[in-house]
Amino acid sequence: MKVIKFGGSSVNSPERIMEVKKIIESHDDPVAVVISAFNDTTDKLISLCHLASAKDHDFFKVYNEIEGMHLDFISTLFKKAKADHVLNKVNSLLKELSNIVNGVYLLGDITPKIQDKVTSFGELLSSLIVSELIEECELLDVRNLIKTNSDFGAAKVNFSVTNRLIKFKFKNLEKTVLIPGFIASNDRNEATTLGRGGSDYTASVFAAAIDAERLEIWTDVDGFMTADPKKVRKAFAIESLSYAEAIELSHFGAEVIYTPTIQPVYQKNIGIIIKNTLNPQAKGTTITQVDRGKPDRLIKGISSIDDINLVTLQGSGMVGVTDITGRLFNVLSHNNINIVLITQGSSEYAVTFAISPRDTQMAVEILETEFEPEIKLRKELNILIEKELSVIAIVGERMKNTPGIAANLFSSLGRNGISAIAIAQGSSELNISVVIKKESLKKALNVIHEGFFLSHIKELHLYLMGIGTVGSSLLKQIQNQKAQLLKDHNLNINVIGISNSRKMLMAQDGIDLKNYSELLEKQGERADMDLFVQKMRYLNYRNSVFIDCTASEKIAATYKDIMDSFISVVTANKIACSSAYQLYKTLKLTAQDRKVKFMYETNVGAGLPIISTLNDLVRSGDKIISLEAVLSGTLNFILNVLDENNKLSNAVKLAQEKGYSEPDPRIDLSGTDVLRKLLILAREAAYPLEKDDIKINAFLPPELFKGPIDDFWLNIRKHDGEFENRRKETESRHRKLRYVALLDKGKASIGLQEVDSDHPAYNLDDSNNIIVIRTERYREQPMVIRGYGAGSEVTAAGVFAEIIRVANL
């Protein structure tokens, strides 16, 4: 015979109860069915006790809610004639419950004994109603079968008596039986309860007593999961576990079954299967003495306890003193304080243990009393408390003697800025436990899950600031390439946040890029850079990347704070890297210290691999002697389109219309943009220059760059004739005008130059850039890089390439 248990989530509505009926009646042979209380009935019954004992009239309201729910279930589940029959039985129980609670109200007191009596009605009512639905079914009074001591609230089973009674009852039983879970009775036939998870325990006790074929526990998930699906969306069901693995996962917070549940069936080597009432076809999780599943994963699951405190007893009085730890754990045990985790260094200077926050104050008071001489008189010991913590455990029997497990765990945490506060591992190597800050729990679970279960898939979470021409092109490219990256490179990209100068939008599950503009307008809130960064930190996603496609100084000023939050930065904004050298250096060091990426290839040359090439040369030991470059695609475009019919003002306007220039083209014409680019290249070439170190040879008068932009468009026309004359003179000498940036042995300059046909930049078309790099290795034949150096598409492509490089593809 099988024993089948249905938890409260399986019977929390008439619809689910009908599914339970189908599952029970699908068995050809009789089964023993254990039923939990409906919905949150047990919690309401406990509340009823407290309210009644406090003479709080709200207890009437709670009682009416309990009564109303059960009566509603009956009217939905049964036809009229049958409903009346069931109502008679249920009303009898409800009347008894009402009498007891009214007595509590009159006395103004509640004892554990009476509370057990009251809470027993949850399972008595639910099992009665379900039993009336099942054909040829007998409802057993579990109080006559499971016998316990009188520790009300968490009674201990008397197995010798219980097993004899159950065996006798089932000796000639040939029909399905319904059994109320959670409740039992003592030797005086007073109702007792089995504590948290008591219905699971009831099922396990019956399964062991009758040597059941197996124990099925039906809940609302597909089995034990690789992690808590509420925190890790990509968690999936574990096919099989050993008893030991299931116990470890349950101990560290996996709430699928209650840890003591396993003990009775464990001793009888009876298999357990966890099934989903809402998805009966799912395979579920099988738990056996030895896991016979596929040996395809080194760990089976990740479990966590959300709220713990660490208590540390430390001091010189511990070193070499043999009875300190014994006294410590004995006194805690005698006061029923449950210890979750213990860790101690080999120096014996301190011992640390994790406990529930509700036990912390009591634990400290107990230790202060126990070790009063050592703490107050001799001052050899002291007690430290750390709060707002969580503990994570990775569990799996195949971890034993397998190198690299701990390295994977801690590198996954470290890469995402999560510190391990305490660590514990037993000699069995069945689990590794790590204590972290509670605020990092969700992120930690996800990075560990990705590291062990989804190592073939890398996920990036993107936050884009600026959706102008470059930003919008980037989003389009991501949308077009997203599926291919996942298919070919196992890289999943999610854009979580976007912002323009007016509005910003965050979506925890990612923004639909097909209509991001509409979503931003309809659902976005007022743009606020500080709030944007705050929300990034709050979401605390692993592998997060902040992307700056603006030219904002304010946004550039946030990079350090963002990287300090362990978020990588990819920027097309040149301001940060071309500001004071000390800030530039600080940003690079911050990225290094936080083990995140700070990438800015598109600061120079749009999508051209200029900065990365310089980095490779310098890192490999080469020395940069000189750089000669045309770095402004905008100016090169303007100079290329100049002719007798296309004067300077028209060429500038055309560059703006094509998206080559900055929104304010004076930034390009003034040389400011080229200066920033040369400054960045000089620094990458190991020359620590500042802006003032670069000589600027201006080709337009300074007054042209003052005042509003409308004045600029009027005044630049005045220089069309002068510039056309210069162009003609240059052309007459068979030369061309180029705006050249030069770095030679640490001295830098920018300005308009004439180049002849032998110069590499002579035939530089359209908005192309070129850079000639001379190094100690490339002295005679310099390295030349040329290509498109401006335009939203190529700049966006360069940013996209760096985003992908963040994933280390």
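The values are calculated or read from the model by the stated rules, or taken from the named source; none is laboratory data. Bear in mind the structure is a predicted one, so any value in this text is a computation, not a measurement. We place every Cβ from the backbone using ideal geometry, glycine too, and count neighbours over all the protein chains shown. Surface areas here come from the heavy atoms of the whole protein model, side chains and all, with no ligands, DNA or RNA. Shrake-Rupley method; radii C 1.70, N 1.55, O 1.52, S 1.80 Å.
Determine, yes or no, whether Leu71 is buried (at least 22 other Cβ atoms within 10 Å of the Cβ), part of a helix (DSSP H, G or I) and aliphatic (A, V, I, L, M).
No: the conditions fail for Leu71.
Do we have Glu439 as surrounded by fewer than 19 Cβ atoms within 10 Å (Cβ to Cβ), under 27 Å from the mean Cα position of the chain (by Cα) and modelled with pLDDT of 90 or more here?
yes
Identify the single condition in (1) farther than 16 Å from Ser303 by Cβ; (2) at pLDDT 90 or above that Ile432 does not satisfy, given that it satisfies every other one.
All conditions are met except number (1).
Filter segment 131-168 for residues that are closer than 15 Å to Ser120 by Cβ and surrounded by fewer than 14 Cβ atoms within 10 Å (Cβ to Cβ) and give the result.
Asp141, Asn144 - these are the residues of segment 131-168 that are closer than 15 Å to Ser120 by Cβ and surrounded by fewer than 14 Cβ atoms within 10 Å (Cβ to Cβ).
Failed condition for Val784, given (1) in a helix (DSSP H, G or I); (2) open to solvent by 60 Å² or more (accessible area, probe 1.4 Å), with all others met?
For Val784, the exception is condition (1).
Cβ-Cβ distance below 8 Å, separation of 6 or more or different chains: which pairs start in segment 86-111 with a residue that is open to solvent by 70 Å² or more (accessible area, probe 1.4 Å) and end on one that is in a helix (DSSP H, G or I) and hydrophobic (A, V, I, L, M, F, W, C)?
Cβ pairs passing all conditions: Lys89/Leu128; Glu96/Phe121.
Let me spell it out: the conditions are (1) touching a helix residue (DSSP H, G or I) at 6+ places or on another chain (Cβ under 9 Å); (2) in contact (Cβ under 8 Å) with a residue 40 or more places away in the chain; (3) under 25 Å from Ser544 (Cβ atoms), and Leu441 meets all of them except one. Which number is the exception?
So Leu441 meets the others, but not (1).
Which of the numbered conditions does Leu608 fail, given that it passes all the others? Conditions: (1) in contact with a Gly (Cβ under 7 Å, 6 or more places away or on another chain); (2) assigned to a helix (DSSP H, G or I).
(2)
Please give the number of the condition Ile210 fails out of (1) in contact with a strand residue (DSSP E or B) (Cβ under 8 Å, 6 or more places away or on another chain); (2) modelled with pLDDT of 95 or more; (3) open to solvent by less than 30 Å² (accessible area, probe 1.4 Å); (4) not aromatic (Phe, Trp, Tyr).
Every condition holds for Ile210 apart from (3).
In segment 28-49, what residues are crowded, with 17+ Cβ neighbours inside 10 Å and within 34 Å of the chain's Cα centre (by Cα)?
Once the filter is applied, which keeps residues that are crowded, with 17+ Cβ neighbours inside 10 Å and within 34 Å of the chain's Cα centre (by Cα), segment 28-49 yields Ser36, Ala37, Phe38, Asn39, Thr41, Thr42, Lys44.
If we scan segment 484-502, do we find a residue that is within 18 Å of the chain's Cα centre (by Cα) and on the phi > 0 side of the Ramachandran plot? Even if it seems obvious, please write down each step before you answer.
So in segment 484-502, the residues within 18 Å of the chain's Cα centre (by Cα) come out as 491-497.
Adding the requirement that they be on the phi > 0 side of the Ramachandran plot leaves none.
No, that holds for no residue.
Return only the number of the condition from (1) within 30 Å of Thr226 (Cα to Cα); (2) touching a residue at least 40 places away in the same chain (Cβ under 8 Å) that Glu380 does not satisfy.
(1)
Collect the residues in segment 656-674 that are in contact with a Phe, Trp or Tyr (Cβ under 7 Å, 6 or more places away or on another chain) and either at pLDDT below 90 or farther than 28 Å from Gly466 by Cα (or both), keeping them in residue-number order.
Across segment 656-674, the qualifying residue is only Tyr660.
For segment 457-480, enumerate the residues that are out of contact with any Ser or Thr (no Cβ under 6 Å at 6 or more places or on another chain), within 17 Å of Met506 (Cα to Cα) and in a loop (DSSP other than H, G, I, E, B).
Selection gives Ile467 alone.
Are there any pairs with C-beta distances below 9 angstrom linking a residue in segment 29-49 that is at positive phi to a residue that is among the polar types (S, T, N, Q) and surrounded by fewer than 24 Cβ atoms within 10 Å (Cβ to Cβ), with the two at least 6 apart or on different chains, and if so which?
Qualifying pairs under 9 Å: Asn39/Ser9; Asn39/Asn12; Asn39/Ser13.
For the structure I just gave you, tell me whether Ala81 is among the hydrophobic types (A, V, I, L, M, F, W, C), open to solvent by 70 Å² or more (accessible area, probe 1.4 Å) and touching a residue at least 40 places away in the same chain (Cβ under 8 Å). Outline the logic, then answer.
Numbers: among the hydrophobic types (A, V, I, L, M, F, W, C): yes; open to solvent by 70 Å² or more (accessible area, probe 1.4 Å): yes; touching a residue at least 40 places away in the same chain (Cβ under 8 Å): no.
So Ala81 fails the test.
Select, from Ile299, Ile366, Ile305, the only residue that is part of a loop (DSSP other than H, G, I, E, B), buried (at least 16 other Cβ atoms within 10 Å of the Cβ) and of a type in the set (A, V, I, L, M, F, W, C).
Ile299
Which members of segment 248-283 meet the condition of being part of a loop (DSSP other than H, G, I, E, B), free of Cβ contacts under 8 Å to residues at least 24 places away in the same chain and farther than 16 Å from Met225 by Cβ?
Asn269, Gln281
Anything in segment 320-363 that is polar (S, T, N, Q) and in contact (Cβ under 8 Å) with a residue 12 or more places away in the chain? List them, or say none.
Thr325, Asn335, Asn338, Thr343, Gln344, Ser347, Thr352, Ser356, Thr360 - these are the residues of segment 320-363 that are polar (S, T, N, Q) and in contact (Cβ under 8 Å) with a residue 12 or more places away in the chain.
Pull up segment 318-337, narrow it to residues that are open to solvent by 50 Å² or more (accessible area, probe 1.4 Å) and not in a helix (DSSP H, G or I), then point me to the one that is farthest from Ile375 (Cα to Cα). Walk me through how you get there before you give the answer.
At the first step, the residues of segment 318-337 found to be open to solvent by 50 Å² or more (accessible area, probe 1.4 Å) are 319-323, 327, 329-330, 333-336.
Of the ones still in play, those that are also not in a helix (DSSP H, G or I) are 319-323, 335-336.
Details: Val319: 15, Gly320: 17, Val321: 15, Thr322: 17, Asp323: 16, Asn335: 20, Asn336: 23 Å.
Restricting to residues being open to solvent by 50 Å² or more (accessible area, probe 1.4 Å) and not in a helix (DSSP H, G or I), the top hit is Asn336.
Across segment 263-279, what is the number of residues that are open to solvent by 20 Å² or more (accessible area, probe 1.4 Å) and farther than 19 Å from Glu213 by Cα?
Residues meeting the conditions: 2.
Hey, can you tell me all the residues within segment 411-436 that are open to solvent by 30 Å² or more (accessible area, probe 1.4 Å), of a type in the set (A, V, I, L, M, F, W, C) and touching a helix residue (DSSP H, G or I) at 6+ places or on another chain (Cβ under 7 Å)?
Passing the criteria: only Ala420.
Looking at segment 224-236, I want the residues that are under 14 Å from Leu249 (Cα atoms) and have a partner that is open to solvent by 40 Å² or more (accessible area, probe 1.4 Å) and of a type in the set (Phe, Trp, Tyr) with Cβ atoms under 7 Å, at least 6 apart or on another chain. Which pairs are those?
Met225/Phe236; Thr226/Phe236
Pick from Asp222, Asp228, Asp200: which is in contact with a helix residue (DSSP H, G or I) (Cβ under 6 Å, 6 or more places away or on another chain) and either of a type in the set (A, V, I, L, M, F, W, C) or outside any strand (DSSP E or B) (or both)?
Exactly one residue qualifies, and that residue is Asp200.
Which one of these does Leu631 not meet: (1) more than 24 Å from Phe800 (Cα to Cα); (2) in contact with a strand residue (DSSP E or B) (Cβ under 8 Å, 6 or more places away or on another chain)?
Here Leu631 clears every test but (1).
Is it the case, given these coordinates, that Lys387 is over 25 Å from Ser440 (Cβ atoms), basic (Lys, Arg) and open to solvent by 80 Å² or more (accessible area, probe 1.4 Å)?
no
Among what's in segment 50-65 and is in contact (Cβ under 8 Å) with a residue 40 or more places away in the chain and assigned to a helix (DSSP H, G or I), pick the residue that is surrounded by the fewest Cβ atoms within 10 Å (Cβ to Cβ).
Going through the qualifying residues, I end up with His50.
When you scan segment 390-410, how many residues do you find that are open to solvent by 50 Å² or more (accessible area, probe 1.4 Å) and assigned to a helix (DSSP H, G or I)?
Filtering segment 390-410 down to residues open to solvent by 50 Å² or more (accessible area, probe 1.4 Å) leaves 397-398, 400-401, 403, 407, 410.
In the following step, the residues that additionally are assigned to a helix (DSSP H, G or I) were identified as 397-398, 407, 410.
Result for segment 390-410: 4.
Of everything in segment 643-694, what is more than 43 Å from the chain's Cα centre (by Cα), in a loop (DSSP other than H, G, I, E, B) and crowded, with 23+ Cβ neighbours inside 10 Å? Give them in sequence order.
Gly671
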